[in-house]
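The values are calculated or read from the model by the stated rules, or taken from the named source; none is laboratory data. From a predicted model like this one, the values you see are computed outputs, not experimental measurements. Note that each Cβ is placed from the backbone with ideal geometry, even for glycine, and that neighbours are counted across all protein chains shown.
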Amino acid sequence: MMKPVRILHLEDHANEPESAAQELRILMLEDVEEDAELIECELQKGGIRFVAKHIRTEKAFREELDQFYPTLILADFSLPSFDGLSALAIAKEKRPQTPFIFVSGAIGEESAIETLKNGATDYVLKQRLSRLVPSVKRAVHEKEERTQRLKGQEEILRLNVDLERRVAQRTDELEHSQAALRQAHKLQAIGQLAGGVAHDFNNLLQTIISVGDVVEKDLSPDDPHREDIGDILQMARRGALLTKQLLAMGGRQTIQPRPLNLNDIVSETENLLRRILGEDITILSELAPDLAFIHADPTQMHQVIMNLALNARDAMPKGGTLILKTSSTPLDELFLSKADLPMGLYVILSISDTGTGMTKEVQERIFEPFFTTKEQGKGTGLGLATVYGIAKQNNGGIIVCSHLALGTTFKVLFPALVNDFNKASKKDQPMKISTEETQSTGTILVVDDEAMIVKHLIRRLTKKGYTVFGASDGADALKLLNANPAIQLLISDVVMPGMNGRQLQEKAHKLRPDLKAIFMSGYPEELISEQGVMPHEITFLEKPFETSALYKMVAETLTSRA
Ligand code: ADP
Ligand code: MG
């Protein structure tokens with residue numbers, strides 16, 4: 001189909017294939033693959049029809065000017081082996097009528113003016129990529145105008161266009177910052193709500209689960225109430241998941257991050273995904289072999305993959321392909337401005353589907369909590385809000401690129417870890433302790449302002465063989481500690497009236513330096529740092545917990561060295 005190469009210096013548009021009027025042929029000079037993808041994504045989103053050829057070298061640039069017949073040139077300013085200004089000079093010589101737009105990081109005002117003086121059509125900053133589509137449309141429009149209008153008219157037009165351009169730019173910037181602010185406010189409100197709910201709610205669930213657990217075990221196998229108790233437990237566990245989801249969305253989930261390789265998490269999840277997504281969906285993964293580590297909570301990373309994969313499944317009701325990709329790249333401004341992140345090395349998890357894609361209107365709202373396009377009962381609208389919350393909590397970001405009828409790609413970015421992670425990961429290995437139905441010994445003090453919790457913890461632990469004391473506040477607890485030198489372990493709530501768990505532990509430690517401690521809470525805000533991160537030295541049980549988890553942690557803590 002390609003026409004033979006013609007001699008240069010003919011009327012520029014005589015070289016163009018017939019379809020050029022509707023479909024742009026874009027020659028893209030860009031050395032960073034991720035950037036080229038994003039630029040194409042932005043053009044697609046703006047409704048521009050095009051085919052693009054992506055090149056990096058001078059040789060390729062010269063060749064494609066003759067062979068690809070671009071109707072538009074997009075060029076980065078500096079490349080490893082070539083530079084934008086030389087490209088501009090070549091283009092001006094070979095194809096003087098073809099619009100040439102620089103798409104580049106900041107280069108300073110003087111260089112920018114220089115490009116325009118040398119005949120560039122426009123200069124779009126990668127940090128302001130939303131200007132690209134208006135700029136391209138204008139360039140194409142202006143080129144059409146040029147061929148039709150007289151020179152004098154063109155001058156007036158240019159002034160108008162310039163004005164429009166400036167207004168459009170301001171509006172863009174304003175909209176961008178307003179949207180970001182709205183999202184931040186919403187998350188803050190959810191965080192507060194979630195925190196309040198989680199604290200009280202998890203206390204209730206703790207009792208339900210802990211009592212239900214015991215009753216279930218005590219019932220004979222054919223007891224008619226067995227099923228009922230099972231239902232109660234199942235619902236309580238669902239409730240616990242809901243509070244977790246709510247906390248994650250507000251970026252307040254308690255997390256225990258450790259150095260990890262996202263490839264491991266993806267591989268672990270793949271089997272489960274195959275089962276959940278069914279046979280009509282093919283799963284492909286492209287994992288970067290030398291992927292940098294990140295500092296994150298593995299459970300949260302599973303959650304990110306699951307939420308995105310389930311959305312992908314819903315978008316492919318007739319089947320399709322799900323692609324899981326990982327990569328680590330030092331990202332430049334283009335990418336980072338899209339995700340609102342500082343410069344640095346990032347690990348990217350990219351999840352693509354060949355599904356329905358989304359309209360621009362839907363794309364603008366997907367991260368809103370409770371926004372869903374699914375029928376009632378099918379969607380909660382919490383999936384992406386959760387992913388967003390997790391990305392933010394881990395100092396990361398998220399970028400979406402979607403094209404109607406073609407599919408969607410989500411890219412989640414996490415800062416890469418540069419420390420020595422080997423040491424840390426060894427330290428994190430949990431001790432293996434059997435928690436079978438064996439009896440144990442030891443003396444424990446349980447402190448919680450919720451009497452119900454103290455009561456049931458005493459029962460559970462006593463049943464296991466421990467000697468257990470209970471207190472409802474810090475002052476009582478200290479008295480008991482004084483009177484009973486046999487106490488080896490303190491299990492304490494965090495948020496309590498009067499003395500909180502942390503203060504109690506400090507005082508107790510002065511009294512008894514060898515005393516071990518476990519904190520438990522449904523919303524341990526006072527234990528966690530600003531980013532919601534649990535300090536390493538703290539042993540923590542998240543309410544609501546299962547009795548087996550309690551036994552395991554108590555056994556591990558008692559046998560650990562102080
Ligand atoms: P839910 O899945 O419960 O609707 P989410 O927050 O996970 O909530 O997603 C919000 C909306 O974003 C979905 O209802 C859907 O319209 C859109 N969406 C998310 N992921 C995709 C995807 N991969 N393809 C198409 N649309 C998607
Ligand atoms: Mg979802």
If you take the residues in segment 174-199 that are in contact with a Phe, Trp or Tyr (Cβ under 9 Å, 6 or more places away or on another chain) and under 30 Å from I453 (Cβ atoms), which one is surrounded by the most Cβ atoms within 10 Å (Cβ to Cβ)? A198
Can L65 be described as in the same structural domain as A120 (by TED's automatic domain parsing) and within 22 Å of L125 (Cβ to Cβ)? no
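When residues of segment 276-316 are filtered for being outside any helix (DSSP H, G or I), more than 16 Å from ligand 2 (Cβ to nearest atom) and among the β-branched types (V, I, T), how many remain?
Residues in segment 276-316 being outside any helix (DSSP H, G or I), more than 16 Å from ligand 2 (Cβ to nearest atom) and among the β-branched types (V, I, T): 3 in total.
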In segment 374-387, residue nearest to ligand 1 (Cβ to nearest atom) [restricted to those that are modelled with pLDDT of 90 or more and out of contact with any Asp or Glu (no Cβ under 8 Å at 6 or more places or on another chain)]: L384
Any residue in segment 310-323 that is in the same structural domain as E279 (by TED's automatic domain parsing) sitting within a Cβ distance under 7 Å of a residue that is among the charged types (D, E, K, R) and near ligand 2 (Cβ under 9 Å from one of its atoms)? List the pairs, counting only those 6 or more apart or interchain. D314/K374
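For segment 339-349, check the following and say yes or no: at least one residue is modelled with pLDDT of 95 or more, within 15 Å of ligand 1 (Cβ to nearest atom) and either outside any helix (DSSP H, G or I) or surrounded by 16 or more Cβ atoms within 10 Å (Cβ to Cβ) (or both). Can you show your working first?
Keep residues of segment 339-349 that are modelled with pLDDT of 95 or more, which gives 349.
Still in the list and also within 15 Å of ligand 1 (Cβ to nearest atom): 349.
Imposing the further condition that a residue be either outside any helix (DSSP H, G or I) or surrounded by 16 or more Cβ atoms within 10 Å (Cβ to Cβ) (or both) reduces the set to 349.
Yes; the residues of segment 339-349 include at least one that is modelled with pLDDT of 95 or more, within 15 Å of ligand 1 (Cβ to nearest atom) and either outside any helix (DSSP H, G or I) or surrounded by 16 or more Cβ atoms within 10 Å (Cβ to Cβ) (or both).
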Please determine whether any residue of segment 362-373 is away from ligand 2 (no atom under 13 Å from the Cβ) and more than 21 Å from P317 (Cβ to Cβ). yes
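Here is a yes/no grid of residues against (1) within 19 Å of the chain's Cα centre (by Cα); (2) on the phi > 0 side of the Ramachandran plot; (3) not assigned by TED's automatic domain parsing to the domain that holds I283:
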position: V362; (1), (2), (3): yes, no, no
position: K374; (1), (2), (3): no, no, no
position: G379; (1), (2), (3): no, no, no
position: G389; (1), (2), (3): yes, no, no
position: N395; (1), (2), (3): yes, yes, no
position: V400; (1), (2), (3): yes, no, no
position: T409; (1), (2), (3): yes, no, no
Restricting segment 350-373 to residues that are more than 9 Å from ligand 1 (Cβ to nearest atom) and not hydroxyl-bearing (S, T, Y), which is nearest to K186 (Cα to Cα)? E364
Take segment 227-275 and flag every residue that is without any contact (Cβ under 8 Å) to a residue 60 or more places away in the chain, over 22 Å from Q206 (Cβ atoms) and among the β-branched types (V, I, T). I265, T269
From D76, D35, D66, residue being free of Cβ contacts under 8 Å to residues at least 60 places away in the same chain and out of contact with any Cys (no Cβ under 9 Å at 6 or more places or on another chain): D76
Might you let me know whether segment 284-291 holds any residue that is within 16 Å of ligand 1 (Cβ to nearest atom), surrounded by 21 or more Cβ atoms within 10 Å (Cβ to Cβ) and not charged (D, E, K, R)? no
